[in-house]
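Here is the structure we will look at, set down as structure tokens.
The values are calculated or read from the model by the stated rules, or taken from the named source; none is laboratory data. All figures in this text were calculated on a predicted structure; none of them were measured in a lab. Because the Cβ atoms are built from the backbone with ideal geometry, glycine has one as well, and the counts that use them run over all protein chains shown.
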Amino acid sequence: MRPNFKPAERLKNIKPSGIRRFFALAQEIPDVINLSVGEPDFTPPKHALDAGWKASKEGKTHYAPTNGISELREALMQKAYRDYSLSYDSKSEILITVGGTEAVFLALMSLVNPGDEVLVPNPGFVLYEPSIRLAGGVPVSVPLLEEKNFKPSIDGVMSLITDKSRVMILNYPNNPTGAVLSYDEVAALAKIAIERDLTVISDEVYEKIFYDDAKHYCLATFPGMRERTLVVSSFSKTYAMTGLRVGYVYGPEELISPIWLVHQYTVACVNSLAQYVALAALKGPQDCVKNMVREFDKRRHLVYKRLNEIEGFNCTLPKGAFYVFPNIRDFNMSSDEFANNLLKKARVTTVPGSAFGSYGEGYIRISYADAYERLEEALNRIEKTVKRFG
Ligand SMILES: Cc1ncc(COP(=O)(O)O)c(C=O)c1O
């Protein structure tokens with residue numbers, strides 16, 4: 001007899017991530033240039049990898065404390081002070097997580113009650129909406145429009161807030177648009193959070209990746225925000241450590257301890273050896289980060305310039321992260337169709353903007369975290385292919 005199996009009801013509206021879908025399609029095509037994934041093509045600094053190796057030889061392969069090894073929490077306490085003049089207690093206000101992913105997911109699990117509304121950027125990182133739904137919440141899209149440089153309109157945000165609004169998710173520097181916010185723009189959002197009593201999950205995993213005159217303003221540094229903000233960050237992007245899965249979250253004890261509880265029952269603790277790698281990366285010289293951002297900057301200019309030279313693309317110059325989000329409406333195709341065509345005909349993998357939400361339709365996301373020469377080749381292929389679309 002066939003087992004009578006059905007996935008749980010809570011999965012009814014959960015679809016696979018559009019990024020992963022295109023990534024998987026790319027695996028089947030030979031000689032493909034994959035610009036779909038959000039991971040630096042660099043390797044973590046050697047001294048950090050050596051520290052992981054050393055830790056393994058010293059037998060540090062056992063369960064770590066639930067909230068992370070104390071040395072790493074202490075180093076993160078110092079980082080918060082050094083970078084943002086923020087004081088967090090390393091025992092009760094910092095939790096090491098399995099990447100920023102776990103931190104965001106568990107923050108929603110521990111904050112959201114069924115029916116609570118969560119303001120979420122649209123287009124926004126693919127993790128947010130499904131996580132809100134899995135927590136029983138209702139995602140409320142905050143449109144990020146190209147004509148506003150992909151920044152939220154303050155009046156627009158105000159008009160979306162109801163008695164059921166409980167959490168606001170912010171993500172700057174932004175994935176998928178590369179937008180960053182000015183001091184005044186962050187201050188205006190902070191004011192709304194305070195006035196309307198919202199808790200904020202501020203996803204700052206790209207905190208070190210910004211360009212030109214842009215700066216990163218940590219949300220918790222704004223008056224009245226430390227006590228209502230969970231600052232999520234990660235080692236994944238800053239130190240090119242995506243596969244080691246180390247992230248973290250800062251917040252007041254009342255917000256951190258429920259996350260700690262759920263973390264305990266889901267992953268128990270983060271991989272011990274990976275935490276030693278993260279520790280060495282954080283405590284060692286930071287020139288690897290600066291060099292990586294300098295290289296991203298060159299690639300950013302290349303991709304922006306070349307795309308705008310191709311008829312049909314309209315691309316704004318991003319100020320952060322490592323993505324461009326060009327407008328492809330002139331090609332008269334859905335973003336899914338367009339990305340599929342690029343994959344099959346140009347052998348270049350991108351992500352359709354619709355994978356990031358309804359307001360992403362009409363755009364594609366291109367990650368420039370790949371070698372300069374490969375980007376040049378990808379752009380040549382794209383140029384040749386889209387000429388034939390016309
Ligand atoms: C905005 C944003 N947040 C969080 C993450 C998760 O990163 P990780 O779980 O590797 O730290 C990503 C990864 O692409 C991201 O783009």
Residue within the stretch 145-161 that is hydroxyl-bearing (Ser, Thr, Tyr), more than 16 Å from the ligand (Cβ to nearest atom) and either more than 16 Å from Leu255 (Cβ to Cβ) or under 19 Å from the mean Cα position of the chain (by Cα) (or both) present: yes
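Inside the stretch 202-231, can you point out the residues that are assigned to a strand (DSSP E or B) and either away from the ligand (no atom under 16 Å from the Cβ) or of a type in the set (Ser, Thr, Tyr) (or both)?
Ser202, Thr229
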Residues of the stretch 314-338 classified as in contact with a helix residue (DSSP H, G or I) (Cβ under 8 Å, 6 or more places away or on another chain) and either within 28 Å of Asp212 (Cβ to Cβ) or in a loop (DSSP other than H, G, I, E, B) (or both), total: 14
Selected residue [within 15 Å of the ligand (Cβ to nearest atom), buried (at least 23 other Cβ atoms within 10 Å of the Cβ), of a type outside the set (S, T, N, Q) and in a strand (DSSP E or B)] from Ile132, Ile96: Ile96
Condition met for Val167 (over 29 Å from Ala240 (Cβ atoms), aliphatic (A, V, I, L, M) and without any contact (Cβ under 8 Å) to a residue 40 or more places away in the chain): no
Hey, Thr199 away from the ligand (no atom under 16 Å from the Cβ) and under 21 Å from the mean Cα position of the chain (by Cα) or not: yes
Qualifying residue in the stretch 259-268 (condition: touching a residue at least 40 places away in the same chain (Cβ under 8 Å), of a type outside the set (Val, Ile, Thr) and under 24 Å from Glu207 (Cβ atoms)): yes
Failed condition for Lys319, given (1) more than 29 Å from Ala240 (Cα to Cα); (2) crowded, with 17+ Cβ neighbours inside 10 Å: (1)
Criterion: in contact (Cβ under 8 Å) with a residue 24 or more places away in the chain, under 20 Å from the mean Cα position of the chain (by Cα), in a helix (DSSP H, G or I) and buried (at least 22 other Cβ atoms within 10 Å of the Cβ) - qualifying residue of Phe105, Phe23: Phe105
Some residue of the stretch 232-243 being among the aromatic types (Phe, Trp, Tyr), at pLDDT 95 or above and either out of contact with any strand residue (DSSP E or B) (no Cβ under 6 Å at 6 or more places or on another chain) or in a strand (DSSP E or B) (or both): yes
Qualifying residue in the stretch 240-247 (condition: surrounded by fewer than 21 Cβ atoms within 10 Å (Cβ to Cβ) and either touching a Phe, Trp or Tyr at 6+ places or on another chain (Cβ under 7 Å) or hydrophobic (A, V, I, L, M, F, W, C) (or both)): no
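Does Leu279 qualify as being surrounded by fewer than 24 Cβ atoms within 10 Å (Cβ to Cβ) and either on the phi < 0 side of the Ramachandran plot or not in a helix (DSSP H, G or I) (or both)?
The answer is no for Leu279.
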In the stretch 343-355, the residues that are part of a helix (DSSP H, G or I), within 29 Å of Thr238 (Cα to Cα) and more than 21 Å from the chain's Cα centre (by Cα): Leu343
Residues that are near the ligand (Cβ under 9 Å from one of its atoms) and within 27 Å of Leu273 (Cβ to Cβ), drawn from the stretch 99-124: Gly99, Gly100, Thr101, Glu102, Ala103, Val104
Total residues in the stretch 62-80, condition part of a helix (DSSP H, G or I) and surrounded by 18 or more Cβ atoms within 10 Å (Cβ to Cβ): 7
Evaluation of Ile259 against (1) under 15 Å from Ala103 (Cβ atoms); (2) within 21 Å of the chain's Cα centre (by Cα); (3) in a loop (DSSP other than H, G, I, E, B); (4) more than 13 Å from the ligand (Cβ to nearest atom) (one fails), failing number: (3)
